[in-house]
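Heads up, the thing below is written out as structure tokens.
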Amino acid sequence: MRRTIRLLGWGTVFITVIAIILTMLTTYQFVYIKYFNSYYVLQWCLFFTMIIWAINFIDLKNIKKVYPIVCGALAAGSIFFIIMKVY
């Protein structure tokens, strides 16, 4: 279970990095990709990445309690901006 969450966490980090690159390339008009012309996809990637990393940090025994709280706060901030349609 722990290994699966860790691999899923790194997988979402990889997807988020790709989303950042594609969003920046589209924002600065180097290429045009329909879904990356706003920060909407990037916000969803950030949300899922932070949720998975919060779960990953909760699973660890010797980690500080502040790390899952920070990841949860970033995920909550991201979903707040998605709901408020700031993208």
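What follows is calculated from the coordinates using simple rules that are stated; it is not laboratory data. If you're wondering where the values come from, they're calculated on a predicted model, not measured in any experiment. Neighbour counts are summed over all protein chains in view; Cβ atoms, including those assigned to glycine, are modelled from backbone coordinates with ideal geometry.
General remarks:
- With θ taken as phi - 60° and the Karplus curve 6.51 cos²θ - 1.76 cosθ + 1.60 applied, the whole-hertz 3J(HN,Hα) list for segment 14-27 is 4, 5, 5, 5, 4, 5, 5, 4, 5, 5, 5, 5, 6, 5 Hz, x standing for glycine and proline.
- Annotation for the chain: trypsin sites (Lys or Arg not before Pro) lying in DSSP loop with at most 13 further Cβ atoms inside 10 Å of their Cβ are 61, 64, 65, 85.
- Across 41, 13, 70, mean-square fluctuation computed from a Gaussian network of the chain (C-alpha pairs under 10 Å connected) peaks at 70.
- The candidate values were (1) 13.3; (2) 15.5; (3) 13.8; the one computed from these coordinates for Kirkwood radius over Cα pairs in Å carries the label (3).
- Estimated from helices alone, the mean residue ellipticity of the chain at 222 nm is -25500 deg cm²/dmol (sum of -39500 (n - 2.57) over DSSP H runs with n ≥ 4, per residue).
- Scaling the Cα radius of gyration of segment 44-87 by the globular reference 2.2 N^0.38 Å produces a ratio of 1.23.
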